[in-house]
Every structure is written in C-alpha cells, then in structure tokens.
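Following: one structure in structure tokens, then a few remarks.
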Amino acid sequence: MAAKLLDIKGVSKSFGAHRVLDAVDFSIAPGEIVGLLGPNGSGKSTALNVISGFLPADGGSIRLADADITNASPQRATAHGLVRTFQLPSMPHKMTVREVLQAGASSKAGLGSIFSAFRFDEELETLLEAFRLTHVADLPAAALSGGQNKLLSVATALRSKPKLLCLDEPTAGVHPNLRADMVTILKRYRDAGVAIRVVEHDMLFIRDLCSRCVVLDRGEIIADCAPHELEDNPRVVEAYLGKAVEKGKTAL
Amino acid sequence: MFDFFIHVASIACLYGVLALSLNLQAGFTGLVNFGLIALFGCGTYGAALASGMGWHPLAGLPAGLAMAALLALFYARLGRKLSSDYWGIATLSIAEILRISITNEQALTGGAQGISGLPLLFADLKPYDGVPRLALYALVLVLAWFICQRIVKSAFGLAMKLMREEPQLARSLGYDLDAIRRTVMLISGAIAAFAGFLYAHYLTFVGPDQLMSPETFLIWSMVIIGGIGNNWGVVAGAIVMQFAMAYVPFVKDALDLPTDFVAAARLVIVGGGLLAFLLWRPKGLFPEKVGGSRGR
C-alpha cells in the first residue's frame, strides 16, 4: 500500500454523554478518493470537523503527511495541505465570485501584497469555466443559487492547491449534468496527486468517483470497501442502504 | 469667517483620517471598535509627553506611534477570545479605563487639567499660518486615503473582506485571522495616532476630555453616514458631519435660540443622523462597491 497521507487512529468525540465518534481508525493514500457514508447523525461531519481542526478530538491521533495535526487549528491543518468545504457553504455579499475564488489562492498574502497587483490568472478562469461560473463571475458571491454556491466552494478549495480535499456533500442541490462534470474535474485533480475525502449521500456520484468507501454508523466504522461491495455487506444494508437493495432497486 | 472655514476644514481633515482608520477596522475587516478614540489619544499624549519632558516636538510622534502599537496589539489579542460584539464592548471599556486613569494621574499627563503649551505648527507664519496647516492636514488625509485604498484593493484586502463576511470560510482556506486582525489594528492604530499627534499640535492642548466616548461615536457616525466600506464615503462623511457640527452656532444665532441649543443640536445630529441612516440608508451616502479589488 502506498504511504498514508492521512492516518487517523482511535479518534473519539463526545458531546456530553452522546458519543459521536468511537475510536475511529482510517487512512487515505495520496491520490485516493474515499467516500465517507452513513445515515444522518452517524458522525460523518463531526469526523470532518475533527480532522480539519474545527472541533477538538477527545482522544486518538490524526497525522497528515507525517505531521501530527491532532487538535491543530484549521490554519495549521491547511498549512499541511488539508482544505475542506462545508455542507451549507455561505458566501460573502460584498465580494464577487471571482474575488472569492481568488481568495482561495491568497491565504499567505501579507501586507506586502499592497505593493503589487494580484492577477486573476488563467487557472482561475479555467476553474470558472469548468464549474460553469464564468457568466456569474462578477456578481456578488452571495447572489449565487444553492447549487452554484456548492460549486464555488469546491472550486475555491481546489484553488488553494490542497493535498487532501475534504468535501461535505458537494453535490446537494447541484444539477445532475454538473455532477458528472464535477466527477471529471475531481478525477483530474486526483490524477495530479490530490487525495479526496467526500461525505455524500448520492450513491451514483460515490460509485462514479470513489475507489473506496468507509461507512460510519453511530460513530463506528462498519465497512471499508470498494463501492460495489457495499450492497453485499449486511450491516451496511441494514444501517444505511435500506431494504431497497435486497429487492434489487438500488442504484449501485 | 475665512479663518473659521479654514479651522473647520482643518479639523474635518483630521477627522477624515480617523474615519479612514475606523473604516479599515470596522468597514473592511468587521472589527467593531468602540474604543478608537484611545488610539487617537496615544497620538495626542505622545505629543504631550514630548512637550512635558522637554523633548523635540517630533519625538512625540514615535512615542505616540509606539503607544498606539501596544494598545492596538492589546485590542487585537482580546479579539482572539471575544466574538465581535463582546470585543466592541471590551474596546469601549478599555478606552474609558484609559481616559479615567489619565484623568486621575498627575505626574505624566497633567490629570484633568491636561497639558497645554504645545508648539503650534507653522506658528511663525501668522497671520497666514492656517492655510499651510490645512494644506498639510489635507496632504496627510490624501496619503492616508491612498494607503487605505492600496490595502483594501490588494490580496490582503481580499483577506480582510473574507474575514469580515465569512470567517469560517476564511479559516477553512488557511487564513490566519489573528494575524489579519493584528496587522489591521497596527496600521489603523498608527493612522489614528498620527491624526492625534497633529491634533495635539493644532489645539496646542491635550486633555482627557478629548477622549470621551462620544468622540468615538462621532467618528462612527461619519463612517456610517458617509458609507461604511467605502474610503471616499467615510471622508465625505467626516467633512459633512464636521461642517454640520461647526455651523450649528450660526443656526442658533440666526434663529435667536438659547445657548444650550448648540450642544443639544450636535447630539441630535450625531445620534439622529446615525439612527436615520441605519434605518433608511444603512449603506450610507456612498455605498461600498462590490468587486473593487485590483485584479487583472
């Protein structure tokens, strides 16, 4: 197996008496796309928040590219190459789409930047084009629809050149044609070495995109397998996929 | 009348610089600072310190800037722990604590009496000293405006706006919000202290009454009325407000009203103006432009 980019061991998190993550272990290799699945309340988003430094872990260790980022700040996690998006991204009212996308690449810009004009470069235009945002590029970012909002947040995260991109339900509200485009774009970044960890409920998207799936239920990992193996796992069927699989109605 | 106009215009320029300083914090970075006047006070007391100690008057400028830097860093440090609204209350409290401390301290600050007899700039050009002074203040205002414009249109300006509007998104992209807050506070603190230094050498007197909290709210009214997040707007707001305040006594005389009308009318202009704009034109006379960064 290739060297691990992200290595999580025994990570736990509780909110009061409610244990949301129970000694979770998993890893991601560079250039791997892993889906994180599970019913609502299974701990997917909490896992993402803990890994990205938005929530402290109660126990366990998180290593990213050989650096210990357990309970590191989001800024430190990002400095080691981890960039995340949010389930319900909110965008600024007084910045254009183009400016938000530019901001993805400017997190290191200090005061020295006042002496030189930054450039909206070709990569920015390519991302706008790929995510079909060129026609709205000069509108306030908050004026975008819910689906476009998701697209902009994924594009902005990609613009910051992550080693590990963590996406939280990136296709919710996005038009089906664009989901296919998103799969193509994300695979292109994977081929360039970016690892992706995606929380998603759309099984078609998961099947097209991911090489591996991790399924969480009540804070525990109940499966870690290829997407097409999920329906053969009775625990996954019971906890997440439901009886439709048994009747052969699933999209998988 | 001409001298009075020059006087009002001079003060308006200095308030314009203060409005730009507040706009950098509150307008572009979302730092709701109700204690701005204390940063201004660092400049005035820097000048007073130089005068009291018998130093060269110009030595008061680095002294004022150093005090402002310390206070700005302290404000910024508080921002790590406190959310925006609580930070605003904390800055107001600190500014008041400093003012009360100065009022009760005698040796360095002269207490409530303050320190007088500071040298007036261009005093040897009397009776024409007002014009070169106004020219200097106008030049400082233009310079401050230019610096602020460069900052908000740069990549760093994008970081400030992202922090103001979507701090969570900014953190997820790796922005160091503490560093942004610190940098903005240091620059705007230096701008406010510079205005304070010039103000002290204009009035030739420094006292704690210049640091009353209504002064902060006067600057806030200039920013809100002019257009928060627009550097042209806040300068216009400072000029409009300063002239409105200065010409109240003429209205009193014209209408033959009692003397206490002046103070009351000024309060109404600040409070009423703030309220009216917040209710009916919250973006101010010159609203912030979307998409103003210096790309391409």
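The values are calculated or read from the model by the stated rules, or taken from the named source; none is laboratory data. Predicted model only: the values in this text are computed from it and were never measured. All Cβ positions, even for glycine, are placed from backbone atoms using ideal geometry, and neighbour counts span all protein chains on display. Quick note on the areas: whole protein, heavy atoms, side chains included, nothing else; ligands and nucleic acids left out. Shrake-Rupley method; radii C 1.70, N 1.55, O 1.52, S 1.80 Å.
Need one number: % antiparallel among DSSP beta bridges in chain A, to the nearest 5. The antiparallel fraction comes to roughly 55 percent. Expressed to the nearest 5 percent, the antiparallel share of DSSP beta bridges inside the protein assembly as shown is 60 percent. Taking the square roots of five times each eigenvalue of the Cα gyration tensor of region B:45-97, the equivalent ellipsoid has semi-axes of 30, 11, 6 Å, listed largest first. Shown for chain A are no DSSP H helices, since none reaches 18 Å along its axis, judged by Cα atoms, with a mean Kyte-Doolittle hydropathy of at least 0.5.
Computed about its Cα centre, the charge dipole of the protein assembly as shown is approximately 520 debye, with only Lys, Arg, Asp and Glu carrying charge at their Cβ.
Both radii come from the Cα set of region A:123-183: Rg as radius of gyration, Rh as Kirkwood radius; their ratio Rg/Rh reads 0.93.
Residues considered: A:Leu152, A:Leu21, A:Leu204. Largest GNM mean-square fluctuation over chain A, using C-alpha springs under 10 Å, is found at A:Leu204.
Using Cβ point charges alone (K and R +1, D and E -1), the dipole size of region A:2-121 about the Cα centre works out to roughly 300 debye.
Surface analysis of chain B yields an accessible area of 43 Å² per residue, using protein heavy atoms and a 1.4 Å probe. Distances between placed amide hydrogens fall under 5 Å for A:Arg197 paired with A:Val34, A:Leu165, A:Cys166, A:Leu167, all partners being 5 or more residues away or on another chain.
Counting only protein heavy atoms and a 1.4 Å probe, region A:30-89 has 35 square angstrom of accessible area per residue. Projecting the Cα atoms of A:Phe26, A:Leu128, A:Ala117 onto the charge dipole of region A:1-131, computed from C-beta unit charges around the Cα centre, puts A:Phe26 farthest toward the positive end. Antiparallel beta bridges, as assigned by DSSP with both residues in region A:68-200, represent about 10 percent of the total such bridges.
Tally up the carbon and sulfur contribution to the accessible surface of chain A as a whole percent, 1.4 Å probe, everything protein left in place. Carbon plus sulfur share of accessible area: 51 percent. Assign one of three labels to region B:153-200, namely rounded, prolate or oblate, based on the Cα gyration tensor with a ≥ b ≥ c the square roots of its eigenvalues; rounded applies when a/c is under 1.5, prolate when it is not and a/b is larger than b/c, and oblate otherwise. It is prolate, given that a/c is not under 1.5 and a/b is the larger ratio. Other protein chain C-beta atoms within 10 Å of residue C-beta, averaged over A:94-102: 6. Remark: region A:14-19, residue by residue, has Karplus-estimated 3J(HN,Hα) of 10, 10, x, 7, 8, 8 Hz, where x stands for each Gly or Pro and the curve is 6.51 cos²θ - 1.76 cosθ + 1.60 at θ = phi - 60°. Taken as entire DSSP H runs, the helices of chain B that both span 24 Å or more between Cα atoms along their own long axis and average 0.0 or more on the Kyte-Doolittle scale are B:2-22, B:36-53, B:60-81, B:84-104, B:130-153, B:177-203, B:261-280. For B:Lys126, a cut-off of 16 angstrom between C-alpha atoms picks up these aspartates and glutamates, skipping any fewer than 8 places away in its own chain: B:Asp3. Length, then width, then depth: along the principal axes, the Cα atoms of region A:21-91 run 34, 31, 27 Å.
Cα centroids of region A:184-227 and region A:42-91: 17 Å apart.
Basic side chains Lys and Arg get +1 at the Cβ, acidic Asp and Glu get -1 at the Cβ, and with that the dipole of chain B about its Cα centre reaches some 1120 debye.
Scanning residues 5 or more positions from A:Val20 or on other chains, those with amide H under 5 Å from its amide H are A:Lys13, A:Ser14, A:Phe15, with H placed 1.01 Å from N in the peptide plane. Binning all Cα-Cα separations of chain B at 5 Å, short to long from zero, yields these whole-percent fractions: 1, 6, 11, 16, 18, 18, 14, 9, 5, 2, 1, 0, 0. Based on the alpha-carbon gyration tensor of region A:40-191 and its eigenvalue square roots a ≥ b ≥ c, which shape applies: rounded if a/c is under 1.5, prolate if not and a/b is larger than b/c, or oblate? It comes out oblate by the Cα gyration axes. Take chain A and mark each of the trypsin sites (Lys or Arg not before Pro) that is in a DSSP loop with at most 16 other Cβ atoms within 10 Å; the longest unmarked stretch, sites excluded, is A:1-107. Run down the lysines and flag those whose C-alpha is under 20 Å from the C-alpha of A:Lys9, throwing out any fewer than 8 positions away in its chain. A:Lys9 reaches A:Lys44, A:Lys163.
Size estimate for region B:227-296 follows the Kirkwood approach: the inverse of mean 1/r over distinct Cα pairs works out to 13.9 Å. Over all projection directions, the Cα-based convex hull of the protein assembly as shown averages an area of 30.5 nm². Across the options B:Leu162, B:Gly43, B:Pro287, the greatest Cα extent toward the positive end of the charge dipole of chain B (unit charges at beta carbon of Lys, Arg, Asp, Glu) belongs to B:Leu162.
Using the rule -39500 (n - 2.57) for each DSSP H run of four or more residues, divided by the residues of chain A, the 222 nm mean residue ellipticity is -7500 deg cm²/dmol. Rg and Dmax over the alpha-carbon atoms of region B:157-283 stand at 18.4, 62 Å. Rg and Dmax, both from the Cα atoms of region B:74-206 and both in Å, are 19.3, 60. Across the options B:Gln242, B:Pro258, B:Leu177, the greatest Cα extent toward the positive end of the charge dipole of region B:177-282 (unit charges at beta carbon of Lys, Arg, Asp, Glu) belongs to B:Leu177.
Straight Cα distances below 24 angstrom link B:Lys161 to the lysines A:Lys94, A:Lys108, A:Lys150, A:Lys161, B:Lys81, B:Lys153, B:Lys283, B:Lys289, with same-chain residues fewer than 8 positions distant left out.
The phi-based Karplus calculation (6.51 cos²θ - 1.76 cosθ + 1.60; θ = phi - 60°) puts the 3J(HN,Hα) values of region A:98-112 at 4, 5, 5, 5, 4, 4, x, 9, 10, 5, 9, 5, x, 5, x Hz, whole numbers, x for Gly and Pro. When A and B come together, around 3100 square angstrom of accessible surface is lost from both chains combined, probe 1.4 Å.
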